[in-house]
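Heads up: the structure comes next, in structure tokens.
What follows draws every value from the coordinates through simple rules; no lab data is involved. Nothing here was measured: the structure is a model prediction, and the numbers come from that model. Here Cβ is always computed from backbone atoms with ideal geometry, including for glycine, and neighbour counts include all displayed protein chains.
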Amino acid sequence: MCDIVHACVNLGDSRFVAIRDGVIVYKLEIQQKGFDYPFQLGNGVKFDDSSVAQEIKVIVRTRDVIVMSTDGLFDNVHNIELEKLRGTHL
């Protein structure tokens with residue numbers, strides 16, 4: 001089995017999960033200032049700059065599945081459903 005370092009940068013309410021053998025082994029948490037108020041990139045007063053972005057390194061293995069999405073998926077699909085999807089369909 002080969003371990004690979006997966007590097008990413010995230011800001012706001014997008015996120016990813018790493019699923020290994022049907023179990024979530026890593027979940028990137030969203031960045032928000034309050035309920036339904038995520039960090040956002042922009043150049044105006046209401047926006048955040050890139051200095052608040054999360055820099056993440058996660059070890060992934062062959063056959064791991066990475067699910068990346070905006071809040072549209074993660075607000076509506078529970079983690080258990082993601083794990084089941086991996087176990088039965090991939």
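For the chain, what's the relative contact order in percent, using C-alpha pairs closer than 8 Å and at least 6 residues apart?
41
Looking only at 74, 47, 39, which one moves most when the chain is put into a Gaussian network model with springs between Cα atoms under 10 Å?
47
Running a GNM on the chain with Cα contacts under 10 Å, which residue among 51, 69, 14 ends up with the highest mean-square fluctuation?
In the Gaussian network model the winner is 51.
Going by Cα centres, region 61-86 and region 1-27 are how many Å apart?
Region 61-86 and region 1-27 have Cα centres separated by 10 Å.
Under a Cβ-only charge scheme (Lys and Arg +1, Asp and Glu -1), can you give me the dipole magnitude of the chain about the Cα centre, in debye to the nearest 20?
On the way: 10 positive and 13 negative charges, 53 e Å.
Dipole magnitude for the chain comes out near 260 debye.
Return one number: the angle in degrees, 0 to 90 and rounded to the nearest 10, between the long axis of the Cα atoms of helix 79-89 and the longest principal axis of the Cα atoms of the chain.
In the chain, helix 79-89 runs at an angle near 40 degrees to the longest axis.
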